[in-house]
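Undergrad: Below you will find the structure I want to go over with you.
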Amino acid sequence: MKQIYAFFLMLAITVIGASPAFAHRPYFTQVEKIRLPGGEMGEARLLNGDGILGPDPVRVVLVDGQGRLLARSHKSRSMALACREEGQCLIFDFSTGKILDPDPSSFQRGPIVPSLSDDEREGLWGLEDGSEDWGFTDRDPSFGEMVLGYRIIVSSKLPEIIVNAITGALCALLAAAAFIIARQIRTRYFETFMAAFAILLIFGMGLFLTLISGFFSLMGGLTLGPWLASLCLGGGLFGVGVLIRKRSQTQAAPE
């Protein structure tokens with residue numbers, strides 16, 4: 001029986017790894033006009049690949065006014081473009097916490113990049129594949145740029161952040177329940193055993209919720225920092241609610 005299970009497991013891994021039919025074609029998500037270092041207007045495009053079992057990797061490419069490739073960044077789990085009307089753009093790499101700046105000294109004038117139409121997506125495989133990158137330098141963001149980056153994360157990942165905050169509140173509720181159970185006085189071994197079992201069960205439920213939250217956040221492209229912050233936000237809001245309720249009960253109690 002174990003040999004049969006192992007066979008089907010290996011078969012599934014082989015099919016997923018060897019068959020490109022299961023992989024969707026690369027695609028552009030965000031496209032913005034950008035003023036290149038020489039003054040020419042070009043485009044910055046976010047090119048997404050296929051993560052198969054994880055989030056779709058993304059990299060930014062720069063094309064000139066004729067649509068020819070100039071620069072290609074490394075792959076990341078989460079990127080965003082913030083551009084003004086005059087073509088001034090900030091390229092955020094949320095996975096590393098860096099900002100990418102075009103580096104004209106390392107530009108490479110390449111082939112014409114396929115357009116945004118769905119019919120030309122097959123031509124993006126070569127552009128998306130590979131680990132080589134050129135045409136960019138990275139730097140730490142300023143305080144204002146950091147604030148802008150967090151605003152972009154919140155606006156683009158608001159549903160995931162809300163779900164994670166609810167998960168954090170539920171985990172805080174479970175922790176409060178475990179604390180109450182642990183403080184209760186018990187005189188029998190059976191009561192102690194059941195209390196320990198309940199605390200262990202509560203811990204398992206909290207761990208399960210946290211893992212599920214982290215998995216779907218990862219699949220959605222949310223990085224570690226915002227994920228933890230949204231969890232702590234939910235737990236903190238629950239704690240503030242408990243304190244407010246206790247204070248109101250204390251004030252309402254007769255003297």
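Undergrad: Using only Cα atoms, tell me the angle between helix 143-156 and the longest principal axis of the chain; keep it within 0 to 90° and round to the nearest 10.
TA: 80
Undergrad: Okay, moving on. Where does each of 94-107, 200-213 land if you order them by average Cβ count within 10 Å, highest first?
TA: 94-107, 200-213
Undergrad: As I understand it, the dipole of the chain uses +1 on the Cβ of Lys and Arg and -1 on the Cβ of Asp and Glu, about the Cα centre. Which of 250, 147, 91 lies farthest toward its positive end?
TA: 250
Undergrad: Now for a different question. Can you give me the Cα centroid spacing of region 72-102 and region 191-238 in angstrom?
TA: Comparing the Cα centres of region 72-102 and region 191-238, I get a distance of 31 Å.
Undergrad: Let me see the pair-distance distribution of region 149-193: every alpha carbon pair, 5 Å bin width, integer percents in order.
TA: Percent of pairs per bin, in order: 5, 19, 14, 13, 11, 9, 9, 7, 6, 5, 3, 0.
Undergrad: With a sphere of radius 14 Å drawn around the Cβ of residue 231, what net charge do the other residues whose Cβ falls strictly inside it have (Lys, Arg +1; Asp, Glu -1)?
TA: Around residue 231, the surrounding residues sum to 0.
Undergrad: Let me check against my output: what whole-number percent is the relative contact order of the chain, with C-alpha pairs under 8 Å and at least 6 apart?
TA: 15
Undergrad: Also, quick follow-up: Across the Cα atoms of region 49-99, what radius of gyration and what greatest pairwise Cα-Cα distance (Dmax) are found, in Å?
TA: Rg and Dmax of region 49-99, Cα atoms, are 12.5, 39 Å.
Undergrad: Semi-axes of region 193-255's equivalent ellipsoid from the Cα gyration tensor, sqrt of 5 times each eigenvalue, largest first, rounded to whole Å?
TA: 31, 21, 6
Undergrad: In debye, nearest 20: dipole of the chain around its Cα centre with unit charges on the Cβ of K, R (+) and D, E (-)?
TA: The calculated dipole for the chain is roughly 1360 debye.
Undergrad: How are the alpha carbon pair distances in the chain distributed across 10 Å bins from zero to the largest one, expressed in percent?
TA: Cα pair-distance distribution for the chain, in percent: 6, 21, 23, 19, 14, 9, 5, 1, 0.
Undergrad: Separate question: Which distance in nm do the two modelled labels at residue 198 and residue 134 give, with both placed 7 Å along the Cα-to-Cβ direction?
TA: Here the answer is 6.7 nm between the modelled labels.
Undergrad: Which order do the peptides 237-250, 161-174, 28-41 come out in when sorted by mean C-beta neighbours inside 10 angstrom, highest first?
TA: Going by the mean number of other Cβ atoms within 10 Å, highest first, we get 161-174, 28-41, 237-250.
Undergrad: 222 nm [θ] for the chain, helices only, -39500 (n - 2.57) per DSSP H run of 4+, per residue, to 500?
TA: -16500 deg cm²/dmol, from helical runs alone.
Undergrad: Right, next: Along the charge dipole of the chain, Cβ charges K/R +1 and D/E -1, which of 102, 134, 81 sits furthest on the positive end?
TA: My answer, from the dipole projection, is 81.
Undergrad: Between residue 228 and residue 143, take the C-beta separation as r, use R0 = 25 Å, and let me know the FRET efficiency to the nearest 0.05.
TA: Rounded to the nearest 0.05, the efficiency is 0.75.
Undergrad: I'd like the isolated cysteines in the chain, meaning no second cysteine's beta-carbon lies under 4.7 angstrom from theirs.
TA: 171, 232
All of the numbers you see were taken from the coordinates with simple rules; none came from a lab. Owing to the predicted nature of the structure, the values given are computational and were not obtained by experimental measurement. With ideal geometry, Cβ positions are generated from the backbone for all residues, glycine too; neighbour counts draw on all protein chains shown.
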